[in-house]
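Worksheet: one structure, shown below.
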Amino acid sequence: MGPPDLLSDGDWSVRAQGGARARRLLKNPRFLRLWIAQIISNLGDWAYLIAVEIGFTATLDSHQLVRATALFLGVEGLMSAVVGLTVAGPIVDRFPRRTIMIVADLARCLAVATLILGSSPSWLHVVAVAATLGTFRSLFHPAMMATVPDLVDEDSLVVANGFLTSTFHLAIMVGPALGAGLVVAAGTKGAFALNAASFAVSALLLLGLRLPKRTRTGDERFTPLADLREGVRYLLDTPLARGIAIVMASVLLLLAGQGAFQVALVRDVLSPGGDDAARAAILGGMTAAFGVGMVAGSLITPWLSGRIRGWSLLVGSLLVVSVAVVIVSQTSMVPLVMVAWACNGLAGGCVNVTYETMLQVGTPERFRGRVFATVESGSDGAYVVGAAIVAAIGVGVNPSGALLVIGMCFLAVAGLAAIVIPRRAPMALLRDAARLPD
């Protein structure tokens, strides 16, 4: 496979005519199968999360609650990072990706289904299931992202990523409410059953997915260590993949602190004399504003990408995140915080869709699984590290000051992105993509 051509600065961006391409995607049965499978699975995941947390609060004392919640969240992220950085990429690039996604769904279905059996599961049982979920998530998601370019036209890729990312963040907003309702109506096992069923439905939808036959070159044997070394060499030698891996790990490291200090900001700055109801309303409003922004950002990125180069869109979005976090750190005005947090989410949605599309188009098919596994798992690992740093040094830190530092660090990450991500990335597949009318 020869090296891809480089676009000129003026032609670099991923072009997409939003409306026409969106309609074409909605008539694409193969993409619809994958998209609907993800909508169902994501709703189940977030309903499951709130059910686990409610179950912990009902059965554990305060000290056990903190430990169990930290282990539940940390173990899933840690397993995703470890497996993703080692064997996930070679597996995704060596074996049929549809089969990998189906196996991952069925394994997660069975793992969650064990929580329904018998009496109330222990917190150690829940943590063990979390480890299984993290392991197979690190296989499923890189396989899915590596598959999307095989399902859609090249110039519809950014729109497809916008659909997938926006519905993921919509599930974050809707899923917890669904989970809470199920817990009230049917107990925690009702939410567990929904999540297990969502994985089963996803597997059934993917069973009917037809993908083009992949071209094989060289030795057909599965050699994970050799494949891993080859993938690492590719990542280190390719400025685009290397730069995005560095930038996204930095972003997730900071997001761990942003989420933790957001809660403290509500208690100490935005509602210092308020009761639990007032604080819950503000925290819920901030979470909703961020989520709405993420959905909006994911949906408008295809339109923006027709007018702004990918490099500029990525760097500019990181600058918006920086400004939004700094504004929140310097005010106690709740309406202003809500607007800034919505802008923060909107820019975050742009970042996600842009980097995913850049990697899909700029990475040869045989390396896509390893590249996505490394970027995503490296980001998961960075988030775990960030959470550990906050846990170690965050006690007693002024939340406004901490968020100011985080905002300035996002500014530094934007500068880092401008340096390590090439202005002219390999986008030859989209050279002739149709452009939006003026």
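If the condition is being loosely packed, with under 14 Cβ neighbours inside 10 Å and assigned to a loop (DSSP other than H, G, I, E, B), then the stretch 253-282 contributes PRO272, GLY273, ASP275. In this structure, SER122 does not satisfy being over 30 Å from ALA20 (Cβ atoms), within 19 Å of the chain's Cα centre (by Cα) and among the polar types (S, T, N, Q).
Selection within the stretch 66-98: residues that are basic (Lys, Arg) and open to solvent by 60 Å² or more (accessible area, probe 1.4 Å). The member of this set that is nearest to the chain's Cα centre (by Cα) is ARG98. Does ARG366 satisfy the criteria of being of a type outside the set (A, V, I, L, M, F, W, C), open to solvent by 30 Å² or more (accessible area, probe 1.4 Å), at pLDDT below 95 and assigned to a helix (DSSP H, G or I)? For ARG366, the condition - of a type outside the set (A, V, I, L, M, F, W, C), open to solvent by 30 Å² or more (accessible area, probe 1.4 Å), at pLDDT below 95 and assigned to a helix (DSSP H, G or I) - is met. What are the residues in the stretch 382-400 that are touching a Phe, Trp or Tyr at 6+ places or on another chain (Cβ under 9 Å) and in a helix (DSSP H, G or I), if any? Across the stretch 382-400, the qualifying residues are VAL390, PRO399, SER400. Exactly one residue out of VAL184, VAL103, VAL174 is part of a helix (DSSP H, G or I) and either at pLDDT 90 or above or open to solvent by less than 50 Å² (accessible area, probe 1.4 Å) (or both): that is VAL103. Does VAL129 meet the test of being under 24 Å from GLY378 (Cα atoms), open to solvent by less than 50 Å² (accessible area, probe 1.4 Å), out of contact with any His (no Cβ under 9 Å at 6 or more places or on another chain) and at pLDDT 90 or above? Yes: the conditions hold for VAL129. In the stretch 121-138, how many are part of a helix (DSSP H, G or I) and out of contact with any helix residue (DSSP H, G or I) (no Cβ under 7 Å at 6 or more places or on another chain)? Residues in the stretch 121-138 being part of a helix (DSSP H, G or I) and out of contact with any helix residue (DSSP H, G or I) (no Cβ under 7 Å at 6 or more places or on another chain): 3 in total. Tell me which residues, restricted to the stretch 292-332, are open to solvent by 10 Å² or more (accessible area, probe 1.4 Å), out of contact with any Lys or Arg (no Cβ under 8 Å at 6 or more places or on another chain) and over 19 Å from PHE410 (Cα atoms). Hits for the stretch 292-332 are VAL292, VAL295, ALA296, LEU299, ILE300, TRP303, LEU304, ARG307, ILE308, SER332.
Residues that are among the hydroxyl-bearing types (Ser, Thr, Tyr), part of a helix (DSSP H, G or I) and within 19 Å of LEU359 (Cα to Cα) do occur in the stretch 139-158. Among the residues of the stretch 25-49, the one identified as farther than 22 Å from ALA104 by Cα and buried (at least 18 other Cβ atoms within 10 Å of the Cβ) is LEU25. Tell me yes or no: at least one residue of the stretch 109-120 is more than 30 Å from ASP61 (Cα to Cα), of a type in the set (A, V, I, L, M, F, W, C) and part of a helix (DSSP H, G or I). No; the residues of the stretch 109-120 include none that is more than 30 Å from ASP61 (Cα to Cα), of a type in the set (A, V, I, L, M, F, W, C) and part of a helix (DSSP H, G or I).
The values are calculated or read from the model by the stated rules, or taken from the named source; none is laboratory data. Everything numeric in this text was worked out from a predicted model, so none of it was measured. For neighbour counting, all protein chains shown are included, and Cβ atoms are generated from backbone atoms with ideal geometry for every residue, glycine included. When the accessible area is computed, the model is the full protein with side chains, heavy atoms only, and any ligands, DNA or RNA have been set aside. Shrake-Rupley method; radii C 1.70, N 1.55, O 1.52, S 1.80 Å.
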